[in-house]
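The values are calculated or read from the model by the stated rules, or taken from the named source; none is laboratory data. All values derive from a computational prediction rather than experimental measurement. For neighbour counting, all protein chains shown are included, and Cβ atoms are generated from backbone atoms with ideal geometry for every residue, glycine included.
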Amino acid sequence: MAQTRRGHLKMYLGYAAGVGKTYKMLEEALELKHQGMDVVVGYVEPHGRKDTIAKVVGLELVPRRKVQYKTATFEELDTDAILQRHPQVCIVDEFAHTNVPGSERTKRWQDVQILLDAGIDVLTTMNVQHLEGLNDQIWQITGVRVRETVPDWVVKDADEVIMTDLTPRALLNRLERGVVYAPDKARRAMENFFQESNLVALREMALLQTAHEVEVRQSTQDEVEDVLRNLKPGALALTPQAASQKERILIHVTPAPASAALIRRGRRVADYLHADCFAVYVESEEDSKRAPTPEFEALEKHLSFARNLHIETRVLQGKDAAKVLVDFARQQGVTQIFVMRTHENGWPHIFGRDLLRQIVHLARDMQVTIVAERGRSAKL
């Protein structure tokens, strides 16, 4: 039996609501329908924008699934109905959306993965602030901690990422004219998240992210062509030039809250370098015999977070945490170690300065990056 072709994922990336992602996506959907493709709308959120609503006219809509939660009824993407209908192309707006509790999957991007696995092409939309790896930077810039996030690897796996651009000044003009939100909501938005300085920074992030995605895809294509050039007829292995050593990154994880930011930072650097990535915690034999504590529940949460970002996790044991960590790094061919310098109040001294000094001293043949824990004065 022939294996089902995986669907093609095309993402329209923007930096804020109102830049035109959904409108552009629907324009393409109409063009594909005009070309004879079987296109359906699985979910579109027009936010009352007349131009966007007009673009939905003429496209087949798959009814949404109604979900009861507490005393309210919500509408979600009906993944099963789309699978049964099995179009060639499905439109799914707001890729980073969190589904209502009780849904089969937690996130909409997980529903999209199901459609892709079934061979259905998907067009979707997302803003750059929903990228997990940028979460801390977004917080530093805007004072808003974005809760709905998508792992970087999901976006990296997209077949196409298209930047939907609009200058911050033009976007603010649209807000002022009531094109994006109703007047009251637009005014509140411009007083908070939609300040011009925020929009300029977010737009720069979106442009850099799109450029990076283009570079990743081009690099992958170049690597494939290099492999093909270096393979001799009948050969099963690459030449030494094609099998050159890669960068490998190790992230030192502790129960400290700042570990989440360190994991994001390490994963993002690994993505830019096309590097393998480990998240490692070192526990003593005494720690392994103790009953679970809040600190080590926090540790497990960090390790689970790392696994969700497709980072290989390890828990090592030994009395000398620095030596165990660096020995493991050397065995794995690690080239960079990421460690966090945290505020030590309330945390055991083993997670503090002495351990950092020992790691730096032992890992002289590697690059050690010490990341300072950042705070923010703005109230969230």
Checklist entry - Right, Ile138: outside any helix (DSSP H, G or I) and surrounded by 16 or more Cβ atoms within 10 Å (Cβ to Cβ) or not? => result no
Checklist outcome for this item: When segment 295-343 is checked residue by residue, the ones that are within 22 Å of the chain's Cα centre (by Cα) and acidic (Asp, Glu) are Glu300, Glu312
Next on the checklist: For the structure I just gave you, tell me whether Ala182 is of a type in the set (Gly, Ala, Ser), assigned by TED's automatic domain parsing to the domain that holds Phe95 and closer than 30 Å to Leu32 by Cβ.
Outcome noted: no
Checklist entry - What residue, among those in segment 180-205 that are touching an Asp or Glu at 6+ places or on another chain (Cβ under 8 Å) and not basic (Lys, Arg), is nearest to Thr52 (Cα to Cα)? => result Ala186
Checklist outcome for this item: Among strands (runs of 3 or more DSSP E) entirely within segment 32-111, at least 2 residues that are of a type outside the set (S, T, N, Q) and over 24 Å from Arg5 (Cα atoms) occur in 65-69, 72-76
Checklist outcome for this item: Log entry, pairs with first residue in segment 357-368 being over 13 Å from Ala321 (Cβ atoms), second being polar (S, T, N, Q) and not in a strand (DSSP E or B), beta carbons closer than 7 Å, six or more apart or on different chains, reads Met366/Thr335; Gln367/Thr335
Checklist entry - Between a first residue in segment 94-116 that is surrounded by fewer than 19 Cβ atoms within 10 Å (Cβ to Cβ) and a second residue that is assigned to a helix (DSSP H, G or I) and modelled with pLDDT of 95 or more, which pairs have beta carbons less than 6 Å apart while being 6 or more apart in sequence or on different chains? => result Arg105/Asp111; Ile114/Thr79
Checklist entry - Does segment 190-200 contain any residue that is free of Cβ contacts under 8 Å to residues at least 12 places away in the same chain, farther than 27 Å from Arg265 by Cβ and more than 16 Å from the chain's Cα centre (by Cα)? => result yes
Item to check | Number of positions in segment 272-283 that are closer than 14 Å to Pro255 by Cα and either at pLDDT below 80 or not hydrophobic (A, V, I, L, M, F, W, C) (or both) | outcome: 2
Checklist entry - Looking at segment 17-40, which of its residues are out of contact with any Asp or Glu (no Cβ under 9 Å at 6 or more places or on another chain) and on the phi > 0 side of the Ramachandran plot? => result Gly18, Gly36
